[in-house]
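These notes concern the structure reproduced below.
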Amino acid sequence: MLDYQRLFDKYFVRLSTFAYRWVGNEDDAKDLVQDAFVVLMQRQESIPAEGSVIKAFLYTTVKNLALKHIRNSQSSSKAIDQSLLFQEESEDSILNSIIESEVIGQLHEDIEELPVGCQHIPKLLYLEGMSYEEVASTFDISINTVKTQRARAIRMLREKFLMGIIFLFSCFAATYMLFQK
């Protein structure tokens, strides 16, 4: 039996990033990802419980749901134009979107694994888009402390991220092979 909560936690950011590229709306992207997990649960018996197969299934399902969403949500002529554009996306472009989504997802995971004190500053700077001054004000610390903590977090992330990239590329090879079938 699949651990859906673990799968959801692992792939939600990645799949939402991927879906956002197609629908251009964060809430719609998140809804599509949730719908993809519903489809996975409905078809669990017919899908091998291998990580790369499940990941490929989820990406494909999100892509198909995004196309359906585009068709249903826009005026007919605009939807047709968008659908054609979406269908004309080359496999390389789709694969690049998957890679980008995976890198962003890995970055989120790596930030979550930092010591609690190191998590807050990179989250606010990079994920929330706050300035050094805003972060310093939020924590009532100096800008130099923000910069020092940022540098420390980057150093730790760099080490984690390099190992993660090696792992991701091995996963991409398996995923790419699945998309070629």
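The values are calculated or read from the model by the stated rules, or taken from the named source; none is laboratory data. For clarity, every value in this text was computed on a predicted model and none was experimentally measured. Note: ideal-geometry Cβ built from the backbone for every residue, glycine included; neighbour counts use all protein chains shown.
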Checklist line | Selection status of V62, within 23 Å of S93 (Cα to Cα), in contact (Cβ under 8 Å) with a residue 40 or more places away in the chain, in a helix (DSSP H, G or I) and β-branched (V, I, T) | finding: yes
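Which residue, of A36, A49, A56, is outside any helix (DSSP H, G or I) and either in contact (Cβ under 8 Å) with a residue 24 or more places away in the chain or touching a Lys or Arg at 6+ places or on another chain (Cβ under 8 Å) (or both)? Give the steps one after another, and end with the answer.
On the way: A36 fails: outside any helix (DSSP H, G or I); A56 fails: outside any helix (DSSP H, G or I).
A49 is the lone residue from the list that is outside any helix (DSSP H, G or I) and either in contact (Cβ under 8 Å) with a residue 24 or more places away in the chain or touching a Lys or Arg at 6+ places or on another chain (Cβ under 8 Å) (or both).
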Next item on the list: Those residues that are in contact (Cβ under 8 Å) with a residue 12 or more places away in the chain, crowded, with 16+ Cβ neighbours inside 10 Å and of a type in the set (A, V, I, L, M), I need them from segment 105-131; list them, please.
Entry: L107, I111, L114, I121, L124, L125
Next item on the list: Within segment 15-59, track down each residue that is crowded, with 16+ Cβ neighbours inside 10 Å and among the hydroxyl-bearing types (S, T, Y).
Entry: S16, T17, Y20, S52, Y59
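Out of I70, I94, I111, I need the residue that is part of a helix (DSSP H, G or I), modelled with pLDDT under 80, at negative phi and aliphatic (A, V, I, L, M). Which one?
Answer to the check: I94.
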